[in-house]
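Note sheet for the following structure.
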Amino acid sequence: MRSAGEIARDVREGASSAGRELEIALSAIRARNDELNVFLYVDEAGARLAAQRVDEAVARGERTGPLAGVPVALKDNLCQRGIPTTCSSRILEGWRPPYNATVIDRLVAAGAVPVGKTNLDEFAMGSSTETSAFGPTRNPLDPTRVPGGSSGGSAAAVAADMTPLALGSDTGGSIRQPAALCGIVGVKPTYGLVSRYGLIAFASSLDQIGPLSRSVADAALLLEVIAGHDPRDSTSLPEPAPSLRDHLDDGVVGRRIGVVRELIDGADPEVVASVDRAAEVLRAAGAELVPLSIPELRLGLSAYYLIAPAEASSNLARFDGVRYGLRVDADDVAAMNEATRTAGFGAEVKRRIMLGTYALSAGYYDAYYGQALKVRTQMIEAFRRAYREVDLLLGATTPTVAFPFGSKTANPMSMYLSDVFTIPTNLAGEAAISVPFGVGEGGLPVGVQLLGPGRSEARLLAAGRVLELAEGRP
Ligand code: GLN
């Protein structure tokens, strides 16, 4: 499949058309969606209309955007006007948002064609897409294994060549982890770089929308389109989108890169070997590699599993049977709320709501939530110290390659540990990229992770590009 950049160029130059590119995507979806359960909803009619608009603009000789005619898959926690938006939860059954997420408006303004909504762990809580109320997504590279999560459907859409690009959201790793498990590129942007307006909130201080793609260049292309200040998101950074594509070939000459022990320890031997080899490649390309230890990172998982559920317990209070989707009738309002939430939420979501409510409750607040916030501050300071010594950090994205269905569902802790290397970036509000590099058990892809301070996306993408080129990907 051609890259998003090539598709957009062909559409603009008349060598292809948005309509034709859409049909290619739709037939790829038809071929494997029953098997893989990637899309929960395919908006054929809306996509055809969007494609037609692009083709008409091209025919009139108008300027079309950088994503002209490029089909894009959307994680189903992004609000799209008039299109069922479920968060893979029964509680939103039948709800159609009355407005678009800012990222969707920006995609369409750039000429992209949104084709449909992809499966996720319910409310983005999970690491395997197995908590979806609509069944798991299968990994296109090995359908007996998970695609990762929570943006498993978006990662699988790209890995199965259904669409060249997809949007995901990353609260603790949900873009990078499925990207790693599906052998593609995923970026968790700096907190505030991409507007969260219209992203159904999981943990508002951690959530970020970001790109999933086959190549680093395509990730840069998509991120440039969706980034930049949005007055509708009060946490949005004040500046316009950074220029990323111009820096793709900057390389790593003279860069200092820290190889972080805490982002490698405990990973499978093949994963460790891939990180070692990535370090060698970066060194050969002119970077200086320094071994580093940041012990605070070990506290990330514990802090995250207090902060994220605490915020989720508050955010999910709005699903009460009155305002959205499902309602289970009962004798009075309280009983209706309870019956609706009991029927509408799955087990993992209920676990998070209870954890969060407990952590925030009077008497426990200081011991749990308050303590977790202090750890978060320590982590931010530890990263800041590290970035006084080095420009970027290197580690693994995940401890293992894609795992078989059911292998971690019995024990929530084992599932939570799949994000042990990705969570610190979210707590610090910083940026990171996962790039496929080497293979592990069963010949499945390994992702290596590059981390940087806030607003370091250009640097991260350039370093990721060095790894990609070393792997022989154009
Ligand atoms: N797997 C983590 C969790 O379950 C992260 C999820 C995410 O980033 N949305 O909370």
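Quick notes on this structure:
- Neighbours of ARG138, meaning other residues whose beta-carbon lies under 12 angstrom from its beta-carbon, give a summed charge of -2 when Lys and Arg score +1 and Asp and Glu score -1.
- Here the accessible area of region 1-151 is 49 percent carbon and sulfur, with a 1.4 angstrom probe and all protein chains present.
- For LYS75, a cut-off of 30 angstrom between C-alpha atoms picks up these lysines, skipping any fewer than 8 places away in its own chain: LYS117, LYS188, LYS350, LYS408.
- What you get for the chain, charging only the Cβ of Lys and Arg (+1) and of Asp and Glu (-1), is a dipole of about 360 debye around the Cα centre.
- Charge dipole of the chain about the Cα centre (unit charges at C-beta), most positive-ward option of PRO136, ALA110, ALA330: ALA110
- A DSSP coil position with no more than 15 other Cβ atoms inside 10 Å describes the following trypsin sites (Lys or Arg not before Pro) in region 23-80: ARG60, ARG63.
- For THR409, net neighbour charge (Lys/Arg +1, Asp/Glu -1) across residues whose Cβ lies under 14 Å away: -1
- Sum of -39500 (n - 2.57) over DSSP H runs of 4+, divided by residues of the chain (222 nm, nearest 500): -12000 deg cm²/dmol
- Of interest is the spacing of the C-alpha centroids, which for region 177-235 and region 258-281 amounts to 25 Å.
- In terms of its C-alpha gyration tensor, region 385-474 comes out oblate, because a/c is 1.5 or above while a/b does not outweigh b/c.
- Normalised by the number of residues in the chain, the average gap of Cα pairs under 8 Å and 6 or more apart makes the relative contact order 17 percent.
- Overall form of region 218-314 per C-alpha gyration tensor (a/c, 1.5; a/b vs b/c): oblate
- Share, in percent, of DSSP beta bridges within the chain that are antiparallel, nearest 5: 65
- Solvent-accessible heavy-atom area per residue, rounded to whole Å², over the chain at 1.4 Å: 36
- Formal net charge of residues neighbouring GLY454 (Cβ-Cβ distance under 11 Å; K, R +1; D, E -1): 0
The values are calculated or read from the model by the stated rules, or taken from the named source; none is laboratory data. Not measured: the values here are computed from a predicted model. Methodologically, a virtual Cβ is constructed for each residue, glycine included, from the backbone with ideal geometry; neighbour enumeration extends over all protein chains shown. Remember, those area values only see protein heavy atoms, side chains included, never the ligands or the DNA or RNA. Shrake-Rupley method; radii C 1.70, N 1.55, O 1.52, S 1.80 Å.
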